[in-house]
Amino acid sequence: MTGAQAPTEDRVRLPAKGTGREELRRMLEEATADDVKDWEQRLAAGMTFPAGEDVVEVAKEAYLRFFKTNALYATRFKSLARFEREIIEMTAELLHGERAVGAITGGGTESNLMAVKSARDRARALHPEITRPEMVIPASAHPSLFKAAHYFGLKAVRTPLGEDLQLDLDAYGAAVTENTVLLVGSAPSLTLGMVEPIEEMAAIAAERDLSFHVDSCVGGYFLPFKEKLGHAVRRFDFRVPGVTTISADLHKYGYAAKGASTLLSRDPDVFNYQVFRFGAPERSDDWYVTPTMAGTRPGGAIAAAWAVMRYLGEEGYLRLVDQALQYMARFKAGINATPGLEVMGDPAMTVFAYTSRTLDIFAVADGLEQRGWLVTRDTWPVGAIRFMQSPGHAPYVDRYLADLAEVAELVRRGELASAGGRAVYT
């Protein structure tokens, strides 16, 4: 849905009598008729993050066990308070945050929203002279950061990449003005999957005592294990001076149930700007306190995340990341070996895109769709096909590469053309 639906004459009304459970089951099954099927086998980008049926069952069992609970009532559901604290502590260790604290949100967008809200409020305290706050965002950033600027009244200043698809650091630094309150970097970035030079970017913020947010919704539960496996990873976490907040999605490469993400602050002082406290003369200031946009937070998602992290442990995450890196190397090599196609930039993990300088990339996309693959198109920085894959996608890569080679050859011979294409996120 891209906007509000117009009222129709046949609007659905609440039934006069309840529907029987068997009939409901039939209706639910019928409702899925037009849903995409077999999305994992068809290499859908970012819809799900398969890590094995055992992981799914662990998440499902924990989710249903806590299905009716609500993390807003932490004094009533002490189990959820414990789960959240332990998830944040485990994540803080992964991100080298000795004093880091945080909260669980409903997803990456909410985590990024809260990071921007926190930075705005922190600037009000540290830089009260700024009345027209701005935030500097690379063009490679996730749209949720621009959404956050819109919601919280900050001007989003978008900065370019260089010809090598790396961040133009000079342009990024030049975008900082006397009104800047927040700088942002990605680990990794949307579409290109590259970890930006967070150390250099955060230094610009630290010089001015400004907030710096790392959007690691995709990489937060992947890149630390890649580094532990001995691979080179650009530093992006709390080891970097100047980084004030980091977002990381549990329901992506944490392999938890949707929706669950985390937002961590470097220390309790930074975190305090994230929290909302309702104050009124007739009530204490701890009467209604929320660290996220939501009041009610579903306990099932928190319990499932805790259970999956406990179930996998470091050994399990290392195994899954190693599997993913091995098949991704084969995947990217196969694309680069296909005449006319090339992987873009230097992707750090399982998020990447490929394009062509000689072929109509959207004709390639059309041909792949005709063969049953779920193709995600992008038009920035050029026409491209993008991916966000998980270990469970490995069995389907060889078949994809075989189809890709055949489709690319058809396009090269002029036997397959496209009317064009547009970027598709969902």
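Computed from the coordinates by the stated procedures, all read-outs in this text should not be read as laboratory data. Note that the structure is predicted; figures quoted are calculated from it, not measured. Quick reminder, even Gly has a Cβ in these numbers, built from the backbone with ideal geometry, and neighbours come from all protein chains shown.
Brief remarks on what is shown
- Sites residue 81 and residue 60 - FRET efficiency at Förster radius 22 Å, r taken between beta-carbons, to 0.05: 0.45
- For a label point 7 Å along the Cα-to-beta-carbon line of residue 47, residues of the range 355-394 with backbone N under 19 Å: 365-378, 385-394
- Per residue Cα convex hull volume in Å³ - calculated over the range 314-412: 91
- Among residues other than residue 273 with Cβ under 13 Å from its Cβ, the summed charge is +3 (Lys and Arg +1, Asp and Glu -1).
- Viscosity 0.692 mPa s, temperature 37 °C, Stokes-Einstein D of the chain from Kirkwood C-alpha radius, µm²/s: 142
- Whole-angstrom gap from the range 387-405 to the range 35-107, using each part's C-alpha centre: 26
- Length gained when the stretch residue 323-residue 39 is fully extended (0.36 nm per residue, less Cα-Cα span): 100.2 nm
- Only one residue of 368, 171, 224 has its Cα farthest out toward the positive end of the dipole of the chain, where Lys and Arg carry +1 and Asp and Glu -1 on Cβ, and that residue is 224.
- Dipole check for the range 133-185: with +1 at the C-beta of Lys and Arg, -1 at the C-beta of Asp and Glu, and the Cα centre as origin, the magnitude is about 340 Debye.
- Sorted largest first, extent of the range 57-310 alpha carbons per principal axis (Å): 53, 51, 29
- The helix-only estimate of mean residue ellipticity at 222 nm for the chain, built from DSSP H runs of length n ≥ 4 each weighted as -39500 (n - 2.57), is -12000 deg cm²/dmol after division by the residue total.
- With a simple spin-label model that places each label point 7 Å from the Cα along the Cα-to-Cβ direction, the separation between residue 29 and residue 73 comes to 3.6 nm.
- Among residues other than residue 100 with Cβ under 10 Å from its Cβ, the summed charge is -3 (Lys and Arg +1, Asp and Glu -1).
- Cross-link partners for residue 258 among the lysines, with Cα-Cα distance under 17 Å and sequence neighbours closer than 8 places in the same chain left out: 60, 68.
- For the peptides 372-383, 236-247, 138-149, the ranking by packing is 236-247, 138-149, 372-383, with the highest mean count of neighbouring Cβ atoms within 10 Å listed first.
- Cα centroid of the range 202-277 to Cα centroid of the range 297-364, whole Å: 19
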